[in-house]
Amino acid sequence: MAKRIDVKDLNVYYGNFKAVEDVSMTVEPRSVTAFIGPSGCGKSTFLRTLNRMHEVIPGGRVEGSVMLDEEDLYSAKVDPVSVRRTVGMVFQRPNPFPTMSIFDNVAAGLRLNGVKNRKVVTETVEKSLRGANLWNEVKDRLDKPGAGLSGGQQQRLCIARAIAVQPEVMLMDEPCSALDPISTLAIEDLIVSLKDEFTIVIVTHNMQQAARVSDRTAFFNLAATGKPGRLIEIDDTATIFSNPVQKATEDYISGRFG
Amino acid sequence: MSSITGRSTVDQVPGPTGDVPRGRRRLGDTLFGGAANLSGVVVIAIVALTGVFLATRAVPSLLDDKVNFLTSTEWVPEPGNLRFGILQILWTTVSISVMAMIIAVPLGVLNALFLTQYAPRWLARPAASVIDLLAAIPSIVYGLWGIQVFAPHLTGLQKAVNDGLGWFPLFEGPISAGTIFIAGIVLAIMVLPIITALSREVFAQTPAANKEGALALGATKWEMIRTAVLPFGRAGVVSASMLGLGRALGETIAITIIVSSVAPGTDFFASWLQGGETFASKIANNAAEFNDPSSTGAYIAAGLVLFVLTFVVNAIARVIVNRRKAFA
């Protein structure tokens, strides 16, 4: 479980528009890496290239390489579907399947993977819900619709759904931006505990959140609107927030712009 | 569901002096609310009055019917000696409609999935318009094309089915010129644009978040459609099918042209390779004879059954849609 991500010279395009330019970075296994930066700097776009969700958008394509341990995710032999089974994702807005029960939401990924054994499915669902700190709140209403939960619970349900398929890496695209502070705290605690098992990459607009949960922080910025976003620097979170190398990073974290 | 009252909640909020401005209504709200209420009432009234008309005209003839209305295949509504039953007509109507739905629902749903999930954008729009155009072709054209052009192509197939499976009541001979089978297929083409257009609308509304959620779990395109798009569109597809079925049950002129009529007094038969009459085509074929209230009443009784049938089918559809309402 948990793999290293190695990105080299990655350019990300929407059609002919270059959205992200020349990103190289390494993400260590069993760590939390946070992406921060102003809106439109391409951090979410870049995140989506790590499980090949970027190409779901018409015209989306990349140049460069993303290695997951020894495997190039963008090699011609690699099926994007299997990439997404290895690299899970949690989105900005909680998106449980509205027509499914809580149980079925968590079991959805297992069923897609062809797991039929009832006992295995039931056990994995319980384990995943416990892993997402949601079990105690929903164990008596597993057959109720997932959409009936509160926003924070729905997001934890989505996390449970993602960890149920035992991915190597978990990507989180602003997972708390639609949630209240209490729910945010619950998710942040969860992220820290999930680090033991997964490699986690999180995009956030909340710098305190990055400081609280991440081991390393990457700052993205763009020169001007319409120009591609770039990785400005990546370092240990403590360093980025106390003693960054780049002036732009310091300006951003001290609130002078962005 | 909340009722329309023509008053907005703002009107219940206390004003600066602390009093609720009771009775004060904004003109726009009153007009709009009134118009919405009125159109709702008008629709219900039209349906109710249709039912009342059919029932009051049909009941006297039904009481004078010398044979069992539901189980007889006779249809001789002579004034003074009314003998009419709907068994054969009901069977023909239901057979043609069921057959049309068996073909049109899967085809329409697949069509809608193609247009919303698979087709590139430059193709999706023109293709959708072409399918919509099918709805603009008059029924008489479908009828003439069905019997003149299409039917001859099916002669071989119908004969083969009859040769191989003729022992089964549904495929008994002798094969008529215009069969229930042919009419079912033509009717399927006629209801296809309705089912496609409405299914397309609901499938296109599937939230991107749901689709991406499925893809991010490692779903293939088909698995994504099965997990996110189809469940989301289920209620819409049922409604679309019901509208299609409504059209199929009531279709008149194409059926009248295509399906061969059967000699009066024929015993009940179930075969889809023979002719017959539906409620609508029965009424159309005999419209010239509506000169006596009691024989006219027989036809109106047939219309009443069609009316009730539509209601029952719609009620079943509602039950299907509402059964998992909490999950919608």
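The values are calculated or read from the model by the stated rules, or taken from the named source; none is laboratory data. The structure displayed is predicted, hence computed values, not measured ones. Note that each Cβ is placed from the backbone with ideal geometry, even for glycine, and that neighbours are counted across all protein chains shown. Ligands, DNA and RNA are excluded from the accessible area calculation, which covers all protein heavy atoms including side chains. Shrake-Rupley method; radii C 1.70, N 1.55, O 1.52, S 1.80 Å.
Annotations for the structure displayed:
- For the stretch A:147-155, the count of residues that are modelled with pLDDT of 90 or more and under 15 Å from the mean Cα position of the chain (by Cα) is at least one.
- For A:Asn113: the one exception among (1) without any contact (Cβ under 8 Å) to a residue 24 or more places away in the chain; (2) within 11 Å of another protein chain (Cβ to nearest Cβ): (1)
- Scanning the stretch A:89-145 for residues that are open to solvent by 40 Å² or more (accessible area, probe 1.4 Å) and of a type in the set (Gly, Ala, Ser) yields one hit, A:Gly114.
- Of the helices (runs of 4 or more DSSP H) entirely within the stretch B:167-228, those holding at least 2 residues that are open to solvent by less than 40 Å² (accessible area, probe 1.4 Å), modelled with pLDDT of 90 or more and more than 14 Å from chain A (Cβ to nearest Cβ) occupy B:180-204.
- Looking across the stretch A:146-160, the residues that are open to solvent by 10 Å² or more (accessible area, probe 1.4 Å) and within 12 Å of chain B (Cβ to nearest Cβ) come down to A:Ala147, A:Gly148, A:Gln154.
- Some residue of the stretch A:78-86 being part of a loop (DSSP other than H, G, I, E, B) and in contact with a strand residue (DSSP E or B) (Cβ under 6 Å, 6 or more places away or on another chain): no
- Boolean, A:Leu179 is part of a loop (DSSP other than H, G, I, E, B) and either of a type in the set (Phe, Trp, Tyr) or open to solvent by 10 Å² or more (accessible area, probe 1.4 Å) (or both): yes
- Single condition A:Val32 does not satisfy, out of (1) under 23 Å from B:Leu215 (Cβ atoms); (2) crowded, with 22+ Cβ neighbours inside 10 Å: (1)
- In the condition set (1) within 14 Å of chain A (Cβ to nearest Cβ); (2) touching a helix residue (DSSP H, G or I) at 6+ places or on another chain (Cβ under 8 Å); (3) modelled with pLDDT under 90, B:Phe290 is compliant with all but (1).
- Residue selection: B:Val321 satisfies the criterion of being within 14 Å of chain A (Cβ to nearest Cβ) and either in a helix (DSSP H, G or I) or surrounded by fewer than 17 Cβ atoms within 10 Å (Cβ to Cβ) (or both).
So that you can scan it fast, the table gives a plain yes or no per residue for (1) at negative phi; (2) part of a loop (DSSP other than H, G, I, E, B); (3) among the β-branched types (Val, Ile, Thr):
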site	(1), (2), (3)
B:Val67	yes, yes, yes
B:Ser72	yes, yes, no
B:Leu90	yes, no, no
B:Ile96	yes, no, yes
B:Ala100	yes, no, no
B:Leu107	yes, no, no
B:Asn111	yes, no, no
B:Ala128	yes, no, no
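- Residue match in the stretch B:240-255 (condition: open to solvent by less than 60 Å² (accessible area, probe 1.4 Å), farther than 17 Å from B:Gly178 by Cβ and among the acidic types (Asp, Glu)): no
- Members of the stretch A:62-86 that are within 13 Å of chain B (Cβ to nearest Cβ) and charged (D, E, K, R): A:Asp79, A:Arg84, A:Arg85
- For the stretch B:91-117, the set of residues classified as buried (at least 18 other Cβ atoms within 10 Å of the Cβ) and of a type in the set (A, V, I, L, M) consists of B:Ile96, B:Met99, B:Ala100, B:Met101, B:Ala104, B:Val105, B:Val109, B:Ala112, B:Leu113, B:Leu115, listed by residue number.
- Residues (open to solvent by less than 40 Å² (accessible area, probe 1.4 Å) and either within 15 Å of A:Leu10 (Cβ to Cβ) or touching a His at 6+ places or on another chain (Cβ under 9 Å) (or both)) located in the stretch A:71-82: A:Leu73, A:Ser75
- Here the condition is being at pLDDT below 90 and among the β-branched types (Val, Ile, Thr); of A:Ile191, A:Ile202, A:Ile187, it holds for A:Ile187 alone.
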